[in-house]
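The values are calculated or read from the model by the stated rules, or taken from the named source; none is laboratory data. In this text, all values refer to a predicted model and were calculated from it rather than measured experimentally. Cβ coordinates were reconstructed from backbone atoms using ideal geometry, including for glycine residues, and neighbour counts include every protein chain displayed.
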Amino acid sequence: MTTRTLLVLGCTARQLPVIAAAQRRGLAVVGIDPDPAAACAAAVDSFVAADLADAEACLAVAQRVRPAGVLTFAADYPVPMVACIAERLGLAGPSPSAALAMTDKLVMRRRLSAAGLPVPRFAPVDGPASVEAFGGPAVVKPTRSAGSRGVTLVEGDDLASLIAAARAESADGNVLVEEYVPGHEVSVEAITVCGRTTILAVTDKVTSGPPDFVELGHTQPSGLTGHGPGLAVLTQDTLCALGLRSGPSHTEIRIGPEGPVVIETAARFGGGCIASHLLPISAGVPAAEVAVAMALGETSRVETRSKPGTERRTTRGAAVRFLTPEPGFVRSISGVDEVRSRPGVVDVSVDVPVGGEVLAMRSSRDRVGHVVTEGRTADDAGRLADRAVSSIHIETVPAR
Ligand SMILES: Nc1ncnc2c1ncn2[C@@H]1O[C@H](COP(=O)(O)OP(=O)(O)O)[C@@H](O)[C@H]1O
Ligand SMILES: [Mg+2]
C-alpha cells in the first residue's frame, strides 16, 4: 500500500502536534512555510519553502504530492491557502468563501451584521479622519492579522501612527476601526461536520486589556455561568453565517454590557496551547488527532458523540499562562526546573535564551514562553499556573 500524504501549511512550532499526530498514523507529512529555517522544517518528512499566499507555488506542491488532506493546526495565515488547495484537489476543508470571511475581519463583520448577529459597530479606515468620525471608545486593528498584532485602543491623538502600525501588520494593508466593547472574554473551540457544529470547550481569557490586548493566559473550562447555551448558539450561527460547513474553529466572544458579541472567528483550532494542551486535558479531546482526521475527511472518526450544541462534560481544569518579563536583554533565568517538578505542571517552555531580547509586550509574538497546568478544577489549574509563572525568574537588563 502506498503511503498517504498530509500537506501541512505553516511549519512554525505550533504545528508540531499535528505533524506528530499524522506521523503516528503512518502518514508522510509534507510541510510548506515561507521561512526555510522554520521550527518544524526538520520534523516534516519533506519540506518546501514557499510563500503561503503564493497560490501558484503552493498548488504546484499540492499537485505534485497529491495529498490525502491539507490543514493548518492553529495558525491563521495559511487558512485561505488550505481552502484553495482543498477546493482544487477535492479535499475536506473550509470553502474559499468561508476562509476569506474567517480571515478578513471586514468581510467577517459585514457578513455577520448582515445576518443580524451581534458584532461591534465597525467601519473601514482610510485615514485619521475616518477614525475621528467614528467616535470612541474605539479599537483600530488590521483586517488581516492575528495574535493581537496592530490591535490598539484609540488613545491620544497620534492617529496616523496608530493606523500605520495596524496597516503594517495587515496582510492586505487594510485597517478597521470598531467600537470598544468592555467585558469578559471567552473563546469557543468547536468542530463542524456537514454543517453541524459541536462545541468542545469554552475558554476564559486573561488579557493585558487596553491598549494592546495581549493574551496572557487561558483557562478551561470557562467559569462563566448562565451564558453557556447562548454562546453555543451564537457560535453555531456565526459559523453558519460565514459558511463553515466542515472543520475545526475558534470563536472569540466578549460578554459586553448588552450581551455577547463576536470579536472574531477562525477556521482552525485556537493557538496559545488551547488546542494542543488544554483541550486534551479539560475536554478529553485529542485536538491534533481530530484535526488530522477532519482534514482526511474521516468524519466518523472525529469526536461528535456529545449532542450538537452542547458542551462536552469536562473532566479536569486546565490552564496556560505566558511568560512576560520586563523588556530588555536576558541576564539570567531561574526556577524552571523547580517549576517543572511541581505536581500539576504539564509543560514549561522558555523560548528566550540568556542574552536574548525581550520586547515590550505588544502582541502574542512578544511572549517568551508558557506554563501549562492541570488541576481538579479550572480555578485550581489557574492558581497553579499563576504561581508557576511567578516562580520563573527571567531577569532582564534594559536595552541601551
Ligand atoms: N472591539 C473590541 N472591543 C474590545 N476588545 C477588543 C475589540 N477588538 C479586539 N479586542 C481585543 O483585542 C484582542 C485581539 O483582537 P482580535 O480582533 O481578536 O485580533 P487578532 O486576530 O489579532 O486576535 C481581542 O482578543 C480582544 O481582547
Ligand atoms: Mg483574536
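Applying the condition of being over 27 Å from His218 (Cβ atoms) and hydrophobic (A, V, I, L, M, F, W, C) to the stretch 101-150 and asking which residue is farthest from ligand 1 (Cβ to nearest atom) yields Ala129. Residue count for the stretch 98-113 under the criterion of being of a type outside the set (D, E, K, R) and without any contact (Cβ under 8 Å) to a residue 40 or more places away in the chain: the result is 3.
Give me the residue from the stretch 102-132 that is within 15 Å of Asp158 (Cα to Cα) and small (Gly, Ala, Ser) and, out of that set, nearest to ligand 2 (Cβ to nearest atom). Taking the candidates together, the pick is Ser130.
Any residue that is over 18 Å from the mean Cα position of the chain (by Cα), modelled with pLDDT under 95 and either assigned by TED's automatic domain parsing to the domain that holds Gly271 or small (Gly, Ala, Ser) (or both) - is there at least one of those in the stretch 135-144? So far as the stretch 135-144 goes, yes, one or more of its residues are over 18 Å from the mean Cα position of the chain (by Cα), modelled with pLDDT under 95 and either assigned by TED's automatic domain parsing to the domain that holds Gly271 or small (Gly, Ala, Ser) (or both). Tell me yes or no: at least one residue of the stretch 49-66 is in a strand (DSSP E or B) and not small (Gly, Ala, Ser). No, the conditions are met nowhere in the stretch 49-66.
If you go through the stretch 225-246 one residue at a time, do you hit one that is in contact (Cβ under 8 Å) with a residue 40 or more places away in the chain, more than 16 Å from the chain's Cα centre (by Cα) and within 22 Å of Val372 (Cβ to Cβ)? No - not one qualifying residue is present in the stretch 225-246. Pick from the stretch 15-54 the residues that are of a type in the set (S, T, N, Q) and within 18 Å of Ala288 (Cα to Cα): which of them is surrounded by the most Cβ atoms within 10 Å (Cβ to Cβ)? By that ranking, first place goes to Gln15. Search the stretch 133-162 for residues being assigned to a helix (DSSP H, G or I) and touching an Asp or Glu at 6+ places or on another chain (Cβ under 9 Å), and hand back the single one that is nearest to ligand 2 (Cβ to nearest atom). Looking at residues that are assigned to a helix (DSSP H, G or I) and touching an Asp or Glu at 6+ places or on another chain (Cβ under 9 Å), I get Leu162.
Within the stretch 137-161, residues that are under 22 Å from Met102 (Cα atoms) reach partners that are more than 16 Å from ligand 2 (Cβ to nearest atom) and polar (S, T, N, Q) with beta carbons closer than 9 Å, at six or more positions or on different chains, in the pairs Pro142/Asn174; Thr143/Asn174; Arg144/Asn174.
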